[in-house]
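The structure appears right after this line, and notes come after that.
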Amino acid sequence: MKRIVIFAVFVFLLGFTSNSFSQYDFDLNDLEGNSVKLSELNKTGPVFVQFWATWCVPCKEEMKVLNELWGKYKDSGFVFVAVTIDDQKSLSKVKPYIESKSYKFPVLFDTDKNVFSSFGGQDPPFSVFIDRNGNIFKTYSGYMQGDDAKLDKEIKEALAIGKK
């Protein structure tokens, strides 16, 4: 009887864990107006979601580092997506900025900040790292020069989680 109860609790927790990802799943438009779902991005590997804005200087510094790390690990399944929380006044600056830097990673729009808020974001840059199993691996508030070594290490750790 004890084994049955333990098994039932395990199955319940397993179901809760897999359903918990759905509360964070989002469907946002990219620069071209295409719909992008977090759950689809997560199928290839861990996803690093950076919430940023064109007026946020630390966001732009972090983006440079994340672009380099994405280039280094994208063939391993690492996904980086930048989600702008620019409002309607500054929204027109997003695409020209991304193009001026020749960034190729996905850029999504969260102008009402609903997704940003659902993850607990308060000020950009705010980032959420989701492992390949759909679990939140790490969250980050702010950015400082030198964080690239820490991020590099954590990308390697996330790529190892759930690897077949």
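The values are calculated or read from the model by the stated rules, or taken from the named source; none is laboratory data. As the structure is a prediction and not an experimental result, all values here were calculated from the model. A quick note on method: Cβ atoms are made from the backbone with ideal geometry, for glycine too, and the neighbour counts reach across all protein chains shown.
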request  = Can you confirm whether region 131-153 contains a residue that is exposed (fewer than 14 other Cβ atoms within 10 Å of the Cβ), over 24 Å from Asp25 (Cα atoms) and modelled with pLDDT of 95 or more?
outcome  = no
inquiry  = List the helices (runs of 4 or more DSSP H) inside region 48-164, counting only whole elements, that have at least 3 residues being over 25 Å from Gly33 (Cβ atoms), in contact (Cβ under 8 Å) with a residue 24 or more places away in the chain and of a type outside the set (A, V, I, L, M, F, W, C).
reply    = 57-73, 147-160
ask   = Within the bounds of region 106-118, is there any residue that is within 16 Å of Phe48 (Cβ to Cβ) and loosely packed, with under 15 Cβ neighbours inside 10 Å?
value = no
